[in-house]
Each structure stands twice: as C-alpha cells, then as structure tokens.
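Comments concern the structure below.
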Amino acid sequence: MVREILTLGNPQLYEVSDPVTEEDKEALSGWITDLHDTLMAYRKTYGAGRAVAAPQIGVKKRLLYMYLDRPYVFVNPRLTFPDGEKYTLLDDCMSFPGLCVRVERYKRAVIHYQDQEFREQEMALEGDLSELLQHEYDHLDGVLATMRAVDNKSLFLMQMKRDF
Ligand SMILES: [Zn+2]
C-alpha cells in the first residue's frame, strides 16, 4: 500500500526508532510491501528515490528498504566505517522533495544488518551507496540531512521535476 511520506518538520521524523524484534516478524512483510509501494509511487512522481526508511512512512522501526537492480531489506542496520575518509555531496530526501543540502559523509562504510529471517548479514559500501545508506540510517536516529548541513548556507531549493 502506498503510504503518506512524512515531510520536513513532522515531529515523528525526529524520533529514535525501535529495534525490529522477532515479534514483528508478521508485520515485517507488510511494512516492506508498503515501503516498496511508497518508494515506487515517489519515483513515478519525482523521477528519483533509491531508498526509504520506515519512520518516513510513520513506522517507528529500525528498517530500511532500497530498490536498485533488486530489492534490499535492512533490518536493525548498524554502520561501521573502515577508514575516516569523508567527502561532501549534495543530498536530498523523499521527506523534502526539491530541497538539496550539502553534507559530509564517509566515502566507505560497512552495513551490518539482519535479513527478513533475522540472519546476520553485511555489505561493503562505497561512494553513492555509502552516502545513501548513511542518509537512510540517520532517519532511524531521527536525524535529517538538513541537520547535517555543512553550514547554514548549504541548503538549496531546486526546481522540482514533476509532471502535472
Ligand atoms: Zn531521507
């Protein structure tokens, strides 16, 4: 089901999400379906959007969904950084379409997570994927890209790509 995406300023976006537990196992597949449907609907409207975090659709759980060549589900993710190398980039977010923020992120990261069967997994990330999942992970801690702006002149309002 396509869910409403909470937008910048909604207090729920600033909350710290709860771990997904075995008790959530039944609800989990429904949340994943909703995250998928919502991401695809957003892509159709805005022509962008690679991943979404559960709290963005009002589910206060540590769950991320990404769709590239195939779906990726990250349950209870944790990030580590193999080295300290950082870079700056323009970031955007489905919770504030049209707004870009210059942020600093780690160039490389490792995401440790559980799959839908609660098996431990990990994936090495670099560049685009690294910054994307740092962005999504932040949502689980109630942190938005706007809060990571490198300075107070690093917010840019872009022309929104939208078909009316
Ligand atoms: Zn976001």
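So the values come out like this:
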{"read-out": "Any chance Leu28 is open to solvent by less than 70 Å² (accessible area, probe 1.4 Å), in contact (Cβ under 8 Å) with a residue 60 or more places away in the chain and within 16 Å of the ligand (Cβ to nearest atom)", "value": "no"}
{"read-out": "Checklist (1) open to solvent by less than 20 Å² (accessible area, probe 1.4 Å); (2) touching a residue at least 60 places away in the same chain (Cβ under 8 Å) applied to Thr38, failing item", "value": "(2)"}
{"read-out": "In the range 41-60, the residues that are basic (Lys, Arg) and either more than 11 Å from the ligand (Cβ to nearest atom) or open to solvent by less than 10 Å² (accessible area, probe 1.4 Å) (or both)", "value": "Arg43, Lys44, Lys60"}
{"read-out": "Val101 more than 20 Å from Glu4 (Cβ to Cβ) and within 15 Å of the ligand (Cβ to nearest atom)", "value": "yes"}
{"read-out": "Number of the exception - Asp18 against (1) free of Cβ contacts under 8 Å to residues at least 12 places away in the same chain; (2) open to solvent by 60 Å² or more (accessible area, probe 1.4 Å)", "value": "(1)"}
{"read-out": "Search result, residues across the range 5-14 that are within 11 Å of Val59 (Cα to Cα) and either open to solvent by 60 Å² or more (accessible area, probe 1.4 Å) or of a type outside the set (Val, Ile, Thr) (or both)", "value": "Leu6, Gln12, Leu13"}
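The values are calculated or read from the model by the stated rules, or taken from the named source; none is laboratory data. It should be emphasised that the depicted structure is a prediction, and the values quoted were computed from it without experimental measurement. Note: ideal-geometry Cβ built from the backbone for every residue, glycine included; neighbour counts use all protein chains shown. When the accessible area is computed, the model is the full protein with side chains, heavy atoms only, and any ligands, DNA or RNA have been set aside. Shrake-Rupley method; radii C 1.70, N 1.55, O 1.52, S 1.80 Å.
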